[in-house]
Amino acid sequence: MLGLFDTLKVGAGIAGGLMLYHLYAVSIGYPSAAREARAGYVLLAEKTAAEAQAAEMERQRNAAAQASEEHRKRLAAAEAAEQTAKDTLETEIQSYELQLSEKNRACATTAADRDWLLRH
């Protein structure tokens, strides 16, 4: 049988062992706490990466929309400039034809003139 002194020694040994384990766990960190912290870090890192990827996709979409809008504006300006040039040319042609008709002249080309222009 165990005596009182033996029971105290066993109790002191258990208490000492628990104290040593606690000091060890505090000095290197609790393994379960480290696992939980790493698990939380992984989730946080994945969330941050997903948010960054979503932000980059949003930026690219906005840049593409802006480029498309600027291209549309340039196309509209080019079409307006082309129409203005056509209108100016038509006005100049009509003005020149009016000048010729006032002088009783015509700008008639013959088939020979057309053939010469096509060859040269």
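Observations
- Spacing of the modelled spin labels on ALA65 and GLU82, each 7 Å from Cα toward Cβ, amounts to 2.8 nm.
- [x] 2, 8, 5, 6, 6, 6, 6, 5, 5, 4, 4, 4, 4, 4, 3, 3, 3, 3, 3, 3, 3, 2, 2, 2, 2, 2, 1, 1, 0, 0; [y] 2, 14, 26, 26, 20, 10, 2, 0; [z] 2, 9, 10, 14, 12, 9, 9, 11, 10, 7, 5, 1, 0, with the label sought being that of the calculated P(r) over Cα pairs in 5 Å bins from 0, in percent: [x]
- Only helices enter the 222 nm calculation for the chain: every DSSP H run of n ≥ 4 contributes -39,500 (n - 2.57), and dividing by all residues gives -32500 deg cm²/dmol, rounded to 500.
- Among LYS73, LYS86, LYS103: highest mean-square fluctuation, GNM of the chain, C-alpha pairs under 10 Å: LYS103
- Among residues other than TYR96 with Cβ under 14 Å from its Cβ, the summed charge is -2 (Lys and Arg +1, Asp and Glu -1).
- Taking ALA54, ALA45, ALA33 in turn, the Gaussian network model of the chain (Cα-Cα springs below 10 Å) assigns the largest fluctuation to ALA33.
Every read-out reported here was derived from the displayed coordinates using simple, explicitly stated rules and does not represent laboratory data. Quick caveat, the model's predicted, so the values are computed rather than measured. Ideal geometry is used to build each Cβ from the backbone, glycine not excepted, and the neighbour counts take in all protein chains shown.
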